[in-house]
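Asker: Pasting a structure below so you can have a look.
The numbers here are math on the coordinates, done by the rules we state, and not lab data. Since the model is a prediction, treat every value here as computed from it, not as a measurement. For neighbour counting, all protein chains shown are included, and Cβ atoms are generated from backbone atoms with ideal geometry for every residue, glycine included.
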Amino acid sequence: MKLGVFMSDFRSGSALIDRFAADKLGVIFVGNGVYHATVQENGKSSPVLDKPTSFYVLVEDLESRGFTASNVDSRVKVVNYGDVVDLIFNEYEKIIWI
C-alpha cells in the first residue's frame with residue numbers, strides 16, 4: 001500500500017510514523033506540522049526526518065509562519081497546493097491526517 005500522511009501538529013512525533021506499515025510512505029507537513037521541516041532543537045533536526053520516508057512541506061503554510069524554502073531541511077521537498085493534489089491522486093492510494 002502507498003500511504004500519504006498529512007501531519008498538522010508539531011507534537012506528533014516519529015513514534016507515530018513508526019506505526020505505519022506501507023510499501024511507500026509520504027509525509028506532508030501542513031499547519032503547525034511545518035515546524036518539523038524547519039525548526040532545529042539543540043542543533044538537531046526533527047527526529048521525524050530520520051525515517052526512510054518521502055517528506056513534503058506545503059509552502060503556503062510555511063510562509064504563513066514566517067519561513068521560506070531556504071529554511072527547510074534538505075530532506076524535505078517544498079510543494080504548493082497543486083503539487084499536493086498531484087500527490088494525492090498520483091502517488092498515494094490512501095491518505096490519513098494526523
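Asker: What FRET efficiency comes out for ALA15 versus ASP73 if R0 is 25 angstrom and r is the Cβ-Cβ distance? Round to the nearest 0.05. Kindly include the intermediate steps, with their values, before the conclusion.
Answerer: Details: r = 19 Å, r/R0 = 0.77.
So the FRET efficiency works out to roughly 0.80.
Asker: Percent relative contact order of the stretch 30-98, based on C-alpha pairs within less than 8 angstrom and at least six residues apart? Spell out each step's value before the answer.
Answerer: Numbers: 61 pairs, mean separation 20.0, N = 69.
Relative contact order for the stretch 30-98 comes out at 29 percent.
Asker: Using Cα pairs under 8 angstrom and six or more residues apart, how large is the relative contact order of the stretch 1-52, in percent? The partial results should precede the final answer.
Answerer: On the way: 64 pairs, mean separation 21.0, N = 52.
Computed over the stretch 1-52, the figure is 40 percent.
Asker: Here's a follow-up. Using packing as a proxy for protection, rank 47-54, 16-23 so that the peptide with the highest average count of other Cβ atoms within 10 Å comes first.
Answerer: 47-54, 16-23
Asker: Report the trypsin sites (Lys or Arg not before Pro) located in the stretch 63-98 that are in a DSSP loop and have at most 15 other Cβ atoms inside 10 Å of their Cβ, or state none.
Answerer: Details: sites: ARG65, ARG75, LYS77, LYS94; in loops: ARG65, ARG75.
Loop-located and lightly packed - ARG65, ARG75.
Asker: Which of the lysines could be linked to LYS24 by a straight reach, that is with a Cα gap under 25 Å, when you skip same-chain ones fewer than 8 residues away?
Answerer: Partners found: LYS2, LYS51, LYS77, LYS94.
Asker: Also: As a check on your grasp of the helix formula, calculate [θ] at 222 nm for the chain: sum -39500 (n - 2.57) over DSSP H runs of n ≥ 4, divide by the residue count, round to the nearest 500. Show your work: numbers first, answer last.
Answerer: On the way: 4 runs with 21 residues, N = 98.
Helices in the chain give a 222 nm mean residue ellipticity of -4500 deg cm²/dmol.
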